[in-house]
Amino acid sequence: MSSSHLQEANEQRRRVHHEADVVVVGAGVFGCAAAFALAKQGRSVLLLERWLKEPDRIVGELLQPGGVSALEKLGMADCLEGIDAVPVYGYQVVYYGNGVQIPYPEDAAAAAAQGGFHQSKNEKSSRPAGKAFHHGRFISQLRRACASQPNITIVETEVTDTITSTVSTQVLGVESRTLNPATGDKEKDYYFGQLTIIADGYASKFRKQFIDKTPIVKSKFYALELIDCPLPCPNHGTVILGDSSPVLLYQIGTHETRALIDVPEGLKSATPAKGGVRGHIKDVILPSLPKAVQPCFEAAIADGRIPRSMPNSFLPPSTQTEKGVVVLGDAMNMRHPLTGGGMTVAFNDVVLLAELLSPERIPNLADTDKIQAAMKEFHWKRKNLSSIINILAMALYSLFAANDSQLKALQKGCFQYFKKGGNCIDGPSGLLAGIIRQPIVLVYHFFAVALLSIWIVMQNTMGSFLGLWKFPLAIEQSVLIFWKACVVIFPFIASELRA
């Protein structure tokens, strides 16, 4: 049978009989990319999504350079065109009114030699760039790319359950509810595949069924959209640090800037007696912002509403051992969105997944033993990047949302470390960008920050030579700071080392 006839037969099989090589649940970032990558390899793919209208979310708006490179490798770089995406060249951290610029590493090729995509156009450039955009527009582009693939059939249907074999625990497909246009009612439907990929996002309804971990949520991001806001450093994400939790600003369009305000659970300044979240934003956050930003910020909260919010979740990764099904994307692994690394992890995961599930390695996706072996390999191979993004996001958030004296000392040390420039910027920014893929580099810079923090505290405690009598106190504070640094990072490292 010719390839065109095979495509036609597979299309009819998907449309009429609801059967494919792969059933992908969720047409979001991971689901679309996975469907596209597997379809390019000749797999027949059913892509199921409960709501195909353009989504309206407040995160998933910043793609790091390492994510742009992965998108390019997948052949989906065009999805960044025509959506008014804004180039991002790094970050600026504003610490109590003082700013330091943290550009992505200038020698991207050298950074890519530490694990990035060597042949990527983005990483061959003198200075790589990320992209920021409206999430919904980007998702719509990803779905259009999938719709253009003859090996993919996209169906708007609400998946409600998995279908398991009556003689084993193998998942054969999914049950769903599909709208009947003639009656206006949702009717039961069934879709079958040799492999089912569940990528239904942060609020996954299937996570409990296949993963024994639950997301940990300690704060929320409340979002505002600022119009024509003059940022302190254009084309850079801006992190504002002060007495409260961090605020993140980044441009998502020619005229629009996203403001994300972190509000931890149980925050005293956000209690109903103090005006709730709106009171916190108006009385605590607004005065801490750069003067140039304040008018636009104030205009954004003038409507009197509580801004939309999203939970900031942490979910360590899990090895996929079920037969016939894998749970991936945010349904399997999440980190604090402060560093904007989620989509970068997702696209790089898809690059690796497509490599491990390629027809050359696994001709038949019904071979559950080979699929399980591939997913074990996937779990460990992805860590060169995912462990860095996960640990960096959670550790940086711990420092930037500092709520005790040791964390405050580490926060100050982190800012002073960035001010030193050179490798003190290139290393961390290369990690953040998803270009440097050596976890040991992250550990090195984290403890370099801890040692600098200790040095600053010792200097501030003892002052001059006459303050030597305070040396025991300085030593005590130093030990507590180092211990706090260990308490911050080692639990996240341990979560990555578990099978």
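The values are calculated or read from the model by the stated rules, or taken from the named source; none is laboratory data. None of these values were measured; they are calculated from a predicted model. Here Cβ is always computed from backbone atoms with ideal geometry, including for glycine, and neighbour counts include all displayed protein chains. Note: accessible area is taken over every heavy atom of the protein model, side chains too, but ligands, DNA and RNA are not part of it. Shrake-Rupley method; radii C 1.70, N 1.55, O 1.52, S 1.80 Å.
Observations, loosely collected:
- Test for HIS255: is it closer than 22 Å to LEU396 by Cα, open to solvent by 10 Å² or more (accessible area, probe 1.4 Å) and of a type outside the set (D, E, K, R): no
- One residue stands out among those in segment 153-175 that are over 15 Å from VAL327 (Cα atoms) and of a type in the set (Gly, Ala, Ser): the one that is least open to solvent (accessible area, probe 1.4 Å), which is SER165.
- Residue check: VAL479 meets all listed conditions (1) surrounded by fewer than 15 Cβ atoms within 10 Å (Cβ to Cβ); (2) within 30 Å of ALA373 (Cα to Cα); (3) aliphatic (A, V, I, L, M) but one, namely (2).
- Where helices (runs of 4 or more DSSP H) sit wholly within segment 363-478, those with at least 1 residues that are within 23 Å of VAL94 (Cβ to Cβ) occupy 383-400, 405-419, 423-432, 439-462.
- Residue list for segment 409-420, restricted to those being over 15 Å from PHE447 (Cα atoms) and either surrounded by 17 or more Cβ atoms within 10 Å (Cβ to Cβ) or touching a residue at least 12 places away in the same chain (Cβ under 8 Å) (or both): LYS419
- For segment 360-411, the tally of residues that are among the hydrophobic types (A, V, I, L, M, F, W, C) and closer than 24 Å to GLY42 by Cα stands at 8.
- Residue in segment 125-136 that is within 28 Å of ARG43 (Cα to Cα) and at pLDDT 95 or above present: yes
- Unmet requirement for ARG305, which otherwise passes all of (1) more than 30 Å from GLY66 (Cα to Cα); (2) of a type in the set (D, E, K, R); (3) under 25 Å from the mean Cα position of the chain (by Cα): (3)
- Filter pass, ARG335 being of a type in the set (D, E, K, R) and open to solvent by 60 Å² or more (accessible area, probe 1.4 Å): no
- Test: residue in segment 421-433 that is touching a Gly at 6+ places or on another chain (Cβ under 7 Å), crowded, with 17+ Cβ neighbours inside 10 Å and under 20 Å from GLY341 (Cβ atoms): yes
- Whichever residue in segment 449-476 is among the small types (Gly, Ala, Ser) and open to solvent by 20 Å² or more (accessible area, probe 1.4 Å) and, among such residues, is modelled with the highest pLDDT: GLY463
- Between VAL277, VAL326, the distinction of being more than 13 Å from the chain's Cα centre (by Cα), open to solvent by less than 30 Å² (accessible area, probe 1.4 Å), among the aliphatic types (A, V, I, L, M) and farther than 25 Å from LEU62 by Cα belongs to VAL326 only.
- Here ALA401 clears all of (1) farther than 21 Å from PRO317 by Cβ; (2) surrounded by fewer than 16 Cβ atoms within 10 Å (Cβ to Cβ) except the condition numbered (2).
- Within segment 176-195, the residues that satisfy the criterion of being touching a Ser or Thr at 6+ places or on another chain (Cβ under 7 Å) and either closer than 20 Å to LEU353 by Cα or crowded, with 21+ Cβ neighbours inside 10 Å (or both) are SER176, TYR191.
- One residue from PRO215, PRO234 being within 30 Å of VAL284 (Cβ to Cβ), within 26 Å of the chain's Cα centre (by Cα) and open to solvent by 60 Å² or more (accessible area, probe 1.4 Å): PRO234
- Screening segment 338-362 for residues that are assigned to a helix (DSSP H, G or I) and of a type in the set (Val, Ile, Thr) and picking the one that is surrounded by the most Cβ atoms within 10 Å (Cβ to Cβ) gives VAL345.
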